[in-house]
Amino acid sequence: MANIIDGKAVSAAVKAEVAKETAKLREEHGLKVGLAVVIVGNDQASRVYVNNKKKACEAVGFQSYEYALDENTTQEQLLDLVEVLNRDDKINGILVQLPLPPHIDEKAVINTISPEKDVDAFHPVNVGKIMIGDYSFLPCTPAGVMRLIESTGTDITGKNCVVIGRSNIVGKPQAMLLLQKNGTVTICHSKTKNLKEICLGADILVVAIGRAKFITGDMIKEGAVVIDVGMDRDENNKLCGDVDFESAEKRASYITPVPGGVGPMTIAMLMKNTLTAAKQQAGLE
């Protein structure tokens, strides 16, 4: 039976590190760290995420600034707000909660955020830096996944790493981070042939496809480290991941649960990115 990777415990450790450093910045340099979160419209899931981010800011000692905009806000109005936040010295990080209403171009919004304040690491400049391994920020979910793998004591060097999913937010950057740690990386997606065979060769398997319980125990190598990024609902409307936990747990050496695995890490790494941004903007890093 697999050891369960406790994302809540690992994320609490990350937040404790951030809180300690934030207090030190305030005492030694009089520096306050500020994160602006912009939400457009009334998406319930987005509202939950935004509330969680505000709580996390409070827990680590950040100033939290929320901008809740009406769903009829125009793209121009949103871009104007982003430009104002780019120029505001008390704001170190800017996060525009996705998804946005259909009439707003997400790409245009991401491209308008200053790369120095882009704590989601979605701006093309930051994406490019990740590709060459010279980055300031990492996308929060892949960074959280790396921290979870690290918590197991697993050395990634030389391991066969399989990432299922090729999104710009998780799959692609995840592959780059594993590669930078000297993993041998395969990216799989909806058009991949012989998926089961590829998965069975994985020492480290990261699954981010958004399909409930898609990866089953018979697809997992004995002793593999399995990281489930999925957040789905099963046939009983119960929260589950992209991995069938029950059967996978019997084969893996380490596995993340859903909920309580990768989820808590995303916000913890956002706090870490915001702290890094504040230090850089103050010339302390």
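Here are the numbers for the structure shown:
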item	result
Out-of-range pairs (alpha-carbon distance over 23 Å; input Lys55/Lys107; Lys172/Lys213; Lys15/Lys250; Lys53/Lys90)	Lys55/Lys107; Lys15/Lys250
Shape of the stretch 140-263, Cα gyration tensor, a/c cut at 1.5	rounded
Square roots of 5 times each gyration tensor eigenvalue, C-alpha, the stretch 30-114, largest first, Å	22, 16, 9
Loop-located GluC sites (Glu not before Pro) in the stretch 221-270 whose Cβ has at most 14 other Cβ within 10 Å (DSSP)	Glu222, Glu235
Rounded to 5, percent antiparallel among DSSP beta bridges of the chain	5
Tilt relative to the chain, helix 44-60 - C-alpha long axis, 0 to 90 degrees, to 10	70
Charge dipole of the chain about the Cα centre (unit charges at C-beta), most positive-ward option of Gly133, Gly183, Leu25	Gly183
Helix 140-151 axis, angle to the chain major axis (alpha carbon atoms, nearest 10°)	50
Protection-proxy order for peptides 42-49, 277-284, 121-128, 144-151, each taking the mean of Cβ atoms within 10 Å per residue, highest first	144-151, 121-128, 277-284, 42-49
Dipole-positive endmost among Gly230, Ala108, Ala59 within the chain (Cβ charges, Cα centre)	Gly230
Residue order, fewest to most surrounding Cβ atoms within 10 angstrom, among Lys55, Lys272	Lys55, Lys272
Protection-proxy order for peptides 180-187, 63-70, each taking the mean of Cβ atoms within 10 Å per residue, highest first	180-187, 63-70
Cβ-placed point charges (K, R +1; D, E -1), dipole of the chain about Cα centre in debye, nearest 20	500
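Coordinate-derived values only; no laboratory data. Note that the coordinates shown come from a computational prediction; the quantities given were computed from them, not determined experimentally. All Cβ positions, even for glycine, are placed from backbone atoms using ideal geometry, and neighbour counts span all protein chains on display.
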